[in-house]
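A short worksheet on the structure shown next.
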Amino acid sequence: METYKMYINGEWVNSSDRKLIDVRNPATNEIIAQVQSASTEDVHKAIASARTSFDSGIWSRMPPGDRANVLLKIADLLEKDKNTFINLEVKNTGKSIKQVSEYDIPYTIDNIKFMAGASRIMAGKAMAEYVTDGTSAIRREPIGVVGIITPWNYPLMMIIWRAFPAIAMGNSVVVKPASYTPLTAIKLAELMDKVGVPKGVFNVITGPGNTVGEELAKSKDVEMIAFTGSTEVGKRLSELGASNLKKVSLELGGKAPFIVFKDANIDAAVEGAIVGGLVNNGQDCANSTRYYIHESVFDQFVSKLKDRLSKLKIGNPEDHNTDMGPMISESQRERVESYIKKGKIEGGHLLIGGGRPDVKGFEHGYYIEPAVIYTENESSVIVKEEIFGPVFTILKFKDYEDVIRRSNDVTYGLGSSVWTSDITTAMRATRDLRFGTVWVNEHVVVPSEMPWAGYKQSGHGASLSAYSLEEFTYIKHVYFDLTGKVRKDWYFQIFKG
């Protein structure tokens, strides 16, 4: 079992109070590593390191192309050492090796390459004369020190989504990974060290959110917080950041509707439902969680869905034949189970699943079977609240206006999808659904070039795309006088003589 250190100011350090956190494999409940539990003093050191590096200008004033070249070197190293990252991510998260090796890591590498390239061509208004006597120009400048707080469901990917646009634009960052899944964040810092990222530009500190996260949010030397996680924590960080009016970028919870119209390809919709509901073991803010099925195709859809779920292989995440692994922790499994119970109490009918499967050799893992619950109670917690687990809440609908109204009637607004063969229905739905992403006959796909952003209590600000780069900049107006006059014409407002 390895004990990992934190990365502060280009050095590997222990916690100042020598406290450690156990890191477990959710498939076995075994301790696989230990990481430092940062003290308040450690957080302040990391912030000071980032502050010094930013103020020095060694990174913040480096030409964009030079910073981009550094990011591309990191992508290359990640690609060469991908097996190390794949194995760590699987052991640390419990997600299937086929998802991590075929999607998470390759996609993450593509994210880095996109951000590196896009950071070199930030678009803006051309210099122009908007008043008679002068020329105006726009500058995009880095914000300064950014606190990056990432979740446990995509440990490496979310650091890339949040920290890399920040550093691509010249900021210095302090990264706090989730305590459940810190290992690939630390390994990433090793790559940053290898390519020679200047000291203090990229810091990784591990520890509890009520110490590390809250100190980052309160610090006057941290100008911005970029957080991905639950809506409750997002609200708390916003409150803390309000004390010094720091910028806060939030990618929060979701409750995605999955709407199947009567003219949809049902086989395709069922396949999409399985992937949309179970990607990342069902622990994804984009997961399809509310399945609105037209009453005319309801029985057909449910029958096919149950049949496909019965063939699902739940087991060892390191086996390429495994479709689904465990929940991240015992508390997360209990949370999912509690929602299944509440859904039944509030009138839901459990159609399949929801139990604890017997996975030989992994009896101590946090496994749960996907559950399909039919309900007519639109006010049920399984319809309104984010479960963050493999629970398919199935509802019927009669017409377009009804299903759009019900789909929008949640506090979240992150992802959504519609399944139809009618182009008019599809186009109307993309307009009418109040979600940051609307997929048509698909669910979960987000290219590096497109933004991932929320409406309502799913947060504000964008991940991915060129819009995410803009998130980490100030916009500055620069004005040039073209007259050379001592007394400009409009000065008469003060001087009349």
The residue that is surrounded by the most Cβ atoms within 10 Å (Cβ to Cβ), considering only those in the range 228-245 that are free of Cβ contacts under 8 Å to residues at least 24 places away in the same chain and not small (Gly, Ala, Ser), is Arg236
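What residue, of Ser296, Ser338, is among the small types (Gly, Ala, Ser), outside any loop (DSSP other than H, G, I, E, B) and either modelled with pLDDT under 95 or not assigned by TED's automatic domain parsing to the domain that holds Trp152 (or both)? First the steps, then the outcome.
Working: Ser296 fails: outside any loop (DSSP other than H, G, I, E, B).
Being among the small types (Gly, Ala, Ser), outside any loop (DSSP other than H, G, I, E, B) and either modelled with pLDDT under 95 or not assigned by TED's automatic domain parsing to the domain that holds Trp152 (or both) holds for just one of Ser296, Ser338, which is Ser338.
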Members of the range 459-497 found to be closer than 21 Å to Tyr107 by Cβ and hydroxyl-bearing (Ser, Thr, Tyr), listed by number
Ser463, Ser465, Tyr467, Ser468
Would you confirm whether or not the range 313-332 contains a residue that is more than 29 Å from Thr84 (Cα to Cα), touching a residue at least 40 places away in the same chain (Cβ under 8 Å), touching a helix residue (DSSP H, G or I) at 6+ places or on another chain (Cβ under 9 Å) and not small (Gly, Ala, Ser)?
no
I'm told Leu278 meets every condition in (1) under 26 Å from Lys384 (Cα atoms); (2) without any contact (Cβ under 8 Å) to a residue 12 or more places away in the chain; (3) of a type outside the set (D, E, K, R) except one. Can you identify the failing condition by its number?
(2)
All positions within the range 62-85 that are of a type in the set (S, T, N, Q) and free of Cβ contacts under 8 Å to residues at least 60 places away in the same chain:
Asn69, Asn83
For the range 113-141, which positions are closer than 30 Å to Ile160 by Cα and either in contact with a Cys (Cβ under 6 Å, 6 or more places away or on another chain) or part of a loop (DSSP other than H, G, I, E, B) (or both)?
Ser119, Arg120, Ile121, Met122, Ala123, Gly124, Lys125
Could you tell me whether any residue of the range 422-431 is surrounded by 18 or more Cβ atoms within 10 Å (Cβ to Cβ) and within 18 Å of the chain's Cα centre (by Cα)?
no
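Yes/no per residue for (1) among the small types (Gly, Ala, Ser); (2) in contact (Cβ under 8 Å) with a residue 40 or more places away in the chain; (3) surrounded by fewer than 24 Cβ atoms within 10 Å (Cβ to Cβ):
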{"residue": "Ser172", "(1), (2), (3)": "yes, yes, no"}
{"residue": "Gly196", "(1), (2), (3)": "yes, yes, yes"}
{"residue": "Phe202", "(1), (2), (3)": "no, yes, no"}
{"residue": "Gly207", "(1), (2), (3)": "yes, yes, no"}
{"residue": "Leu216", "(1), (2), (3)": "no, yes, no"}
{"residue": "Ala226", "(1), (2), (3)": "yes, yes, no"}
{"residue": "Lys255", "(1), (2), (3)": "no, yes, no"}
Answer yes or no: is there a residue in the range 333-349 that is of a type in the set (Ser, Thr, Tyr), in contact (Cβ under 8 Å) with a residue 40 or more places away in the chain and under 23 Å from Asn92 (Cβ atoms).
no
Would you confirm whether or not the range 112-131 contains a residue that is surrounded by fewer than 24 Cβ atoms within 10 Å (Cβ to Cβ), of a type in the set (Ser, Thr, Tyr) and at pLDDT below 95?
yes
Counting only residues that are assigned by TED's automatic domain parsing to the domain that holds Lys91 and within 27 Å of Ile86 (Cβ to Cβ), give me the helices (runs of 4 or more DSSP H) lying completely in the range 157-262 with at least 3 of them.
183-195
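Among the strands (runs of 3 or more DSSP E) lying completely within the range 403-497, list those that include at least 1 residues that are farther than 30 Å from Ile159 by Cβ and without any contact (Cβ under 8 Å) to a residue 60 or more places away in the chain. I'd like the intermediate steps shown before the answer.
Working: elements: 415-419, 437-440, 473-481.
Of the strands (runs of 3 or more DSSP E) lying wholly inside the range 403-497, those with at least 1 residues that are farther than 30 Å from Ile159 by Cβ and without any contact (Cβ under 8 Å) to a residue 60 or more places away in the chain span 437-440.
The values are calculated or read from the model by the stated rules, or taken from the named source; none is laboratory data. Everything numeric in this text was worked out from a predicted model, so none of it was measured. So basically every Cβ, Gly included, is an ideal-geometry build from the backbone, and we count neighbours across all protein chains shown.
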